[in-house]
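Q: Take a look at this one; I'll ask things after.
FYI, it's all coordinate maths here, none of it is from the lab. What you see is a predicted model; the values in this text were computed from it and never measured. Neighbour counts run over all protein chains shown; Cβ positions are idealised from the backbone, glycine included.
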Amino acid sequence: MHSFIPPERFFPYLTWTDIEAMPNKADVVIIQPVGAIEQHGPHLPLAVDSAIGLAVLGKALEKLDASIPAFALPSLYYGKSNEHWHFPGTITLSAQTLAATLMEVGDSVYRAGFRKLVFMNSHGGQPQVLEIVARDLHQTREDFTVLPLFTWRVPNVAGELLTPKERSLGIHAGDAETSLLLSILPDQVKMDRAVAEYPPELPADSLLSIEGKLSFAWTTRDLSRSGVIGDATTATKEKGDRILESVSDGWVTVIEDVHRFQPPRAWKS
Ligand SMILES: [Zn+2]
């Protein structure tokens, strides 16, 4: 059941008496991986985002010092993936269902006595939902620290390994995700079907962009026939190994930071 997570760090393997007896519960780091089951082009499995989150977290927890208490909840495999819904196999929750699920997970974690919860999100279509839930959980439980974090946002080598075009436009099932899957689940990658497909270009003098500061709403088929947005043909396992190593190093630091984090309380002073 624990897949990439070290068994001694897998929350569902604990007993309720383990949890009741746990010391310093307020500083224990509980991590909820949030993934997606959605199309990733003709060459990658639907599980890409869930697999990347679990592999990064599993490696980070292996490297983490044993003195730092941190546990992974079971992955939430389903996410809000409606941008991909024209492609068969995509399973999507509505924003409301995802938000309600995470609110109730957060409430349960809080009720068990924990005060630090990380949403570790690996799918680019849902950070907004997680940010809203995190604030709502904290608003009514003011000693609850909830962190809506994106797996890829830690310092990592992906930028150095990708072309400038891939860095700005390779947003889905391109070089980075394909390389990572060659490292994590090589038997599930069909490189003979890998394609390169970039979205239609916007005027160079426009402030608008697909993602970023001034973006517009799109579904994937507006941008790509194959479901790939980027270049999957240049992916290699070697790049994937290096990305996995550096992103998981970043997550070791994130977990250490969350463990020692003392939330600001200006209203108390
Ligand atoms: Zn993805």
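Q: Please report, in Å, the Rg and the Dmax of the chain, where both are computed over Cα atoms only.
A: For the chain, the Cα radius of gyration and maximum Cα-Cα distance read 19.0, 62 Å.
Q: Roughly how big is the chain's charge dipole about its Cα centre, with Cβ charges of +1 (Lys, Arg) and -1 (Asp, Glu), in debye to the nearest 20?
A: I would put it at about 420 debye.
Q: Along its three principal axes, how long is region 97-211 when you only count alpha carbons? Whole Å, largest extent first please.
A: Extents along the principal axes: 49, 42, 28 Å.
Q: If you place +1 on the Cβ of every Lys and Arg, -1 on the Cβ of every Asp and Glu, and leave all else neutral, what size is the dipole of region 65-133 about its Cα centre, to the nearest 20 Debye?
A: I would put it at about 120 debye.
Q: Give the cross-link partners of Lys63 among the aspartates and glutamates, using a straight C-alpha distance below 12 Å as the criterion and excluding same-chain residues fewer than 8 apart.
A: Glu245, Asp249, Glu256
Q: Through the Karplus equation 6.51 cos²θ - 1.76 cosθ + 1.60, θ set to phi - 60°, convert the phi angles of region 123-139 into ³J(HN,Hα) values in whole Hz; use x for Gly and Pro.
A: Once θ is set to phi - 60°, the couplings for region 123-139 become 10, x, x, 9, x, 4, 5, 5, 5, 5, 4, 4, 5, 5, 5, 6, 4 Hz.
Q: Which entries in Lys213/Lys239; Lys25/Lys116; Lys116/Lys213; Lys190/Lys237 show an alpha-carbon gap greater than 20 Å? Don't skip to the answer; put the middle values down first.
A: Values: Lys213/Lys239 29 Å; Lys25/Lys116 9 Å; Lys116/Lys213 30 Å; Lys190/Lys237 13 Å.
Check vs 20 Å cut-off fails for Lys213/Lys239; Lys116/Lys213.
Q: Give me, ordered by chain and number, the residues 5 or more places off Ala70 or on other chains with an amide H under 5 Å from its own placed amide H.
A: Amide H neighbours of Ala70: Val29.
Q: So the label point goes 7 Å from the Cα of Lys237 along Cα→C-beta, right? Which residues of region 152-187 then have their backbone N under 16 Å from it?
A: Answer for region 152-187: 178-187.
Q: Same structure, new question: If packing is taken as the average number of other Cβ atoms within 10 Å across a peptide's residues, how do 160-173, 23-36 rank, most packed first? All intermediate terms of the calculation are to be shown ahead of the outcome.
A: Working: 160-173: 18.8, 23-36: 20.6.
With the highest mean Cβ count within 10 Å placed first, the list reads 23-36, 160-173.
Q: Label Ala112 and Lys213 with points 7 Å out from Cα along Cα→Cβ: what is the distance between them in nm?
A: That separation, rounded to one decimal, is 4.2 nm.
Q: Can you bin every Cα-Cα distance in region 1-49 into 10 Å intervals starting at zero and give me the percent of pairs per bin, rounded to whole numbers?
A: All Cα pairs, binned at 10 Å, distribute as 20, 37, 24, 14, 5 percent.
Q: Based on Cβ point charges of +1 for Lys and Arg and -1 for Asp and Glu, what charge dipole magnitude is obtained for region 1-98 about its Cα centre, in debye rounded to the nearest 20?
A: With only Lys, Arg, Asp and Glu charged at Cβ, the dipole is about 120 debye.
Q: Which angle between 0 and 90 degrees, to the nearest 10, do you get for helix 48-63 versus the longest principal axis of the chain when only C-alpha atoms count?
A: 50
Q: Starting at the first residue of region 153-165, write each ³J(HN,Hα) from the Karplus equation 6.51 cos²θ - 1.76 cosθ + 1.60 with θ = phi - 60°, in whole Hz, x for Gly and Pro.
A: Rounded to whole hertz, the list is 7, 7, x, 7, 8, 3, x, 6, 8, 9, 6, x, 5.
Q: Given the options Ser3, Pro127, Ala235, identify the residue whose Cα lies farthest towards the positive end of the charge dipole of the chain (+1 on Cβ of Lys, Arg; -1 on Cβ of Asp, Glu).
A: Pro127
Q: Let me ask something additional. Tell me, what ³J(HN,Hα) does each residue in region 257-268 have, in order and in whole Hz, if you take phi through Karplus 6.51 cos²θ - 1.76 cosθ + 1.60 with θ = phi - 60° and put x for Gly and Pro?
A: Each residue of region 257-268 in turn: 4, 5, 4, 8, 5, 10, x, x, 9, 4, 5, 8 Hz.
Q: Using a/c under 1.5 as the rounded threshold, could you call region 18-78 rounded, prolate or oblate? The axes a ≥ b ≥ c are square roots of the C-alpha gyration tensor eigenvalues, and prolate needs a/b larger than b/c, oblate otherwise.
A: Here region 18-78 falls in the prolate category.
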